[in-house]
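The structure under discussion appears below in the form of structure tokens.
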Amino acid sequence: MGITHYELKWPGKNIPIDLCAHELSRYGYHWHEEEYEIDILLSGKGEFCCEGSMFTLEENDVILINCKDGHGSFTLEPNTFSIVLRFSSEAFKKYVQPDKRFKFHCVSGEATRNTPAFCKLREYAAQVLDAQIHRSAHGELAVEGAMELLIYTLFRSFPPTQIPHAQPKDDERRKSIGSIVKYVDRHFSQKITLDDLARITRYNRTYVSTFFKENVGMNFYEYLTRVRFVHALYDLDKEEKNLTEIAIDNGFPDLKTFNYRFRDLFHMYPSEYRLMAKEVTPRKNFNQRRYCEEDNELVGRKIREYLGE
């Protein structure tokens, strides 16, 4: 038996899908440029941060994370597991205007987790996962049908709004954005100015900030702060550095600024997070996930429950 992590294509549409069942751990912070993500809590209790809002999810709760939304999750109890279903925004291409993207509000709580809409989302995600685990002859039909119904349920029960969708419109723009992203990855711990961006893109300083927001969907300093948090959270998981060192090493000018930015995003101070995280096994790398085995009893039981078997 393998692990419950699968990269597949939506049958008939060639749309990428990423699917797994895993154990929640400490905060990682990331975002997906062109993917939507559905998280379903199988057991335990977890905290989800999404664009500065905090949601506490319990068993059977569901949350949808929109593309480009920065997010992370943190276990609040031992043995907290979830299903994660991520799919490309291509799924909505024929329903949305070319320069727009859909933004859903879809998160359950005690009063709503057992309503028909959330039950259906759990059922369809479980159907896709079950098809991958058992590799049945009709697996592609199961995936295709489940994904179509999942998308329909989102539209019917959680009507989205359309918001501007920034995307580079030609190869030259994509190349320039790629240069900026690579530069940030290498120099995030240093001071980066609009003059630096102007130099590497050959645009003038006045235009480069507008150019970045038009083509990425957020302003440059918001993007830079996100990258810095990816690394700062990993440093907070370790004990080698004090908070001031972590702030400076990840590009924040001082501890006060780091504290302010951290609290604004995670609704706690770095010192509070570090104390809370002591009870949780640290990650070995930025994006580590502890995937469940395919014969995991909990995963099998919850799939059967969601499928009504």
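So the values come out like this:
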{"quantity": "J(HN,Hα) series, segment 90-101, from Karplus relation 6.51 cos²θ - 1.76 cosθ + 1.60, nearest Hz, glycine and proline x", "calculated": "4, 4, 9, 3, 7, 9, 10, 4, x, 9, 10, 9"}
{"quantity": "Percent of Cα-Cα distances greater than 24 Å, calculated over segment 99-234", "calculated": "55 percent"}
{"quantity": "Burial ranking of peptide ranges 295-308, 56-69 (average Cβ count within 10 Å, highest at the top)", "calculated": "56-69, 295-308"}
{"quantity": "Protein-only accessible surface order, largest first, of CYS119, CYS50 at 1.4 Å", "calculated": "CYS119, CYS50"}
{"quantity": "Whole-percent carbon and sulfur share, accessible surface of the chain, 1.4 Å", "calculated": "48 percent"}
{"quantity": "Förster-model FRET efficiency, 35 Å R0, GLU272 and HIS187, C-beta, rounded to 0.05", "calculated": "0.75"}
{"quantity": "Neighbour net charge for VAL184 - beta-carbon separation under 11 angstrom, K R +1, D E -1", "calculated": "+2"}
{"quantity": "Of HIS134, PHE158, THR210, farthest towards positive along the dipole that unit charges on Lys, Arg, Asp, Glu beta carbons give the chain", "calculated": "THR210"}
{"quantity": "Residue-by-residue Karplus 3J(HN,Hα) for segment 8-20, coefficients 6.51, -1.76, 1.60, Hz, glycine and proline x", "calculated": "9, 10, 5, x, x, 10, 6, 8, x, 10, 10, 9, 7"}
{"quantity": "Neighbour net charge for CYS20 - beta-carbon separation under 13 angstrom, K R +1, D E -1", "calculated": "-4"}
{"quantity": "Per-pair calculated FRET efficiency, R0 = 30 Å: ASN14 and ARG290 via Cβ, rounded to 0.05", "calculated": "0.50"}
{"quantity": "Unit charges at the beta carbon, dipole of segment 52-108: most positive-side option, SER82, THR56, PRO98", "calculated": "PRO98"}
{"quantity": "Förster-model FRET efficiency, 25 Å R0, TYR152 and TYR6, C-beta, rounded to 0.05", "calculated": "0.65"}
{"quantity": "Inter-label distance, nm, simple model (7 Å from Cα along the C-beta direction), THR281/SER136", "calculated": "3.2 nm"}
{"quantity": "Cubic angstrom per residue, convex hull over Cα atoms of the chain", "calculated": "140 Å³"}
{"quantity": "Nearest 10 degrees, 0 to 90: helix 171-187 Cα axis against the chain principal axis", "calculated": "80 degrees"}
{"quantity": "Extension gain (nm, one decimal) between LEU307 and HIS30, 0.36 nm per residue minus Cα-Cα", "calculated": "96.6 nm"}
{"quantity": "Under-5 Å amide H pairs with HIS30, H placed in peptide plane, nonlocal only", "calculated": "HIS71"}
{"quantity": "Surface per residue (accessible, 1.4 Å probe) for the chain, Å²", "calculated": "50 Å²"}
{"quantity": "Computed accessible area, TRP10, all protein chains, 1.4 angstrom probe, square angstrom", "calculated": "0 Å²"}
{"quantity": "Segment 191-253: GluC sites (Glu not before Pro) in DSSP loop, at most 14 other beta carbons within 10 Å", "calculated": "GLU239, GLU240"}
{"quantity": "0 to 90° range, to nearest 10: angle between helix 297-306 axis and the chain longest Cα axis", "calculated": "70 degrees"}
{"quantity": "26 Å Cα-Cα threshold exceeded, pairs from LYS68/LYS182; LYS45/LYS93; LYS241/LYS278", "calculated": "LYS45/LYS93"}
{"quantity": "Cα-centred dipole magnitude for the chain, charges only on beta-carbon of K, R (+1) and D, E (-1), debye, nearest 20", "calculated": "1040 debye"}
{"quantity": "Dipole of segment 193-295, positive direction: furthest Cα of VAL280, LEU197, ASN242, with charges on the beta-carbon", "calculated": "LEU197"}
{"quantity": "Dimensions (Å) - segment 66-158, Cα atoms, principal axes, largest first", "calculated": "43, 37, 25"}
{"quantity": "Cα pair distances in segment 1-129, grouped into 10 Å bins until the bin that holds the longest one, percent each", "calculated": "12, 43, 36, 8, 0"}
{"quantity": "Karplus-derived 3J(HN,Hα), 6.51/-1.76/1.60, for each residue of segment 254-265, Hz, glycine and proline x", "calculated": "6, 5, 4, 5, 4, 4, 4, 5, 5, 5, 4, 8"}
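The values are calculated or read from the model by the stated rules, or taken from the named source; none is laboratory data. Only a predicted model underlies this, so the values are computations on that prediction, with no experimental measurement involved. Virtual Cβ from ideal backbone geometry, glycine too; neighbours counted across all protein chains shown. What goes into the accessible areas is simple: the full protein's heavy atoms, side chains included, and nothing from ligands, DNA or RNA. Shrake-Rupley method; radii C 1.70, N 1.55, O 1.52, S 1.80 Å.
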